[in-house]
Amino acid sequence: MELERFEINIGYSFSDKEKLKTALTHTSYANERNMVSNEKLEFLGDAILEFITSQYLYKHYKYLKEGEMTKVRASVVCEESLYQIAKKLNFSDFLYLGKSERVSGGEKRPAILADSVEAVIAAMYLDGGLEPVSRFIMTHLKGPIEQASKSVGLKDYKTVLQEKLQAHGEVHIEYQIIHESGPDHDKHFIAEVKCNGQVLATGEGRSKKSAEMEAARIAMEEKIKQK
């Protein structure tokens with residue numbers, strides 16, 4: 001019954017329950033009972049996480065450079081992100097921990113919880129293949145990836161857009177703040193980017209710079225769609 005509750009939480013039902021149990025078995029529990037722990041599954045889960053997020057970035061963020069995609073992936077495939085997933089899905093209620101680890105509050109340790117998410121991802125892959133594991137990963141990381149992509153690209157969107165637009169000759173690119181609102185401590189700006197007088201896109205932000213960068217990012221997306 002405990003494992004069934006966990007399956008409801010993660011949105012996937014295992015054909016082989018032993019795979020799931022192993023994924024939730026910490027080394028402290030395994031050592032006490034001479035069982036297999038989730039360590040090898042963690043190793044596989046980490047690789048699957050990197051692959052799925054890399055594939056998603058490659059397909060959906062074509063305007064990001066290779067180095068930027070690497071930074072985005074690193075920011076979401078990390079202990080903190082996985083810990084947040086574990087907290088959200090109440091992993092701590094289902095972990096098999098040794099007595100000493102349980103007494104010391106191991107079920108709340110970020111490293112243990114993050115590792116268990118990787119192990120469950122690997123077990124899910126071995127049990128059902130890439131489709132359910134991809135769905136699970138992107139359900140929880142799509143939002144963080146979107147946020148990270150905006151942050152990592154801020155310094156480059158205007159430069160990249162300029163390079164793309166000037167690939168076949170000189171053009172005139174300009175940015176203009178077309179609307180400003182809010183009190184001094186909470187300003188909101190809307191900017192537009194033009195190429196040879198034609199408006200390409202508008203963007204919003206809490207500063208003039210971020211609004212301009214968002215306009216450049218959206219212009220990049222539109223340019224890709226038109227290809």
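The values are calculated or read from the model by the stated rules, or taken from the named source; none is laboratory data. Predicted, not measured: the structure shown is a model, and the values here were computed from it. Here the Cβ is made from the backbone with ideal geometry for all residues, glycine too, and neighbour counts use every protein chain on show.
Structure notes:
- Hey, Ser149 within 30 Å of the chain's Cα centre (by Cα), closer than 27 Å to Leu57 by Cα and loosely packed, with under 13 Cβ neighbours inside 10 Å or not: no
- Selected residue (criterion: surrounded by the most Cβ atoms within 10 Å (Cβ to Cβ)) from residues of the range 178-227 that are of a type in the set (Val, Ile, Thr) and under 16 Å from Glu163 (Cα atoms): Val193
- Inside the range 31-56, residues that are assigned to a helix (DSSP H, G or I) and farther than 25 Å from Val77 by Cβ make up a count of 3.
- Of all residues in the range 42-56, those that are within 15 Å of Pro132 (Cα to Cα) and touching a residue at least 12 places away in the same chain (Cβ under 8 Å) have Cβ atoms under 9 Å from Cβ atoms of residues that are of a type outside the set (Asp, Glu) and outside any helix (DSSP H, G or I), 6 or more apart or on another chain, in Gly45/Asn38; Leu49/Val77; Thr53/Val77.
- Among the residues listed as Leu141, Leu57, Leu97, Leu64, the single one being within 27 Å of Glu222 (Cβ to Cβ), surrounded by 13 or more Cβ atoms within 10 Å (Cβ to Cβ) and either of a type in the set (Phe, Trp, Tyr) or touching a Gly at 6+ places or on another chain (Cβ under 9 Å) (or both): Leu64
- Close Cβ contacts (under 7 Å, 6 or more residues apart or on different chains) running from residues in the range 15-34 that are of a type in the set (A, V, I, L, M) to residues that are at pLDDT below 95 and assigned to a helix (DSSP H, G or I) comprise Leu20/Leu3.
- Of the residues Tyr125, Tyr58, Tyr83, Tyr157, the single one that is of a type in the set (Phe, Trp, Tyr) and out of contact with any helix residue (DSSP H, G or I) (no Cβ under 6 Å at 6 or more places or on another chain) is Tyr58.
- Qualifying residue in the range 176-192 (condition: within 32 Å of the chain's Cα centre (by Cα), under 15 Å from Lys150 (Cα atoms) and of a type in the set (Gly, Ala, Ser)): no
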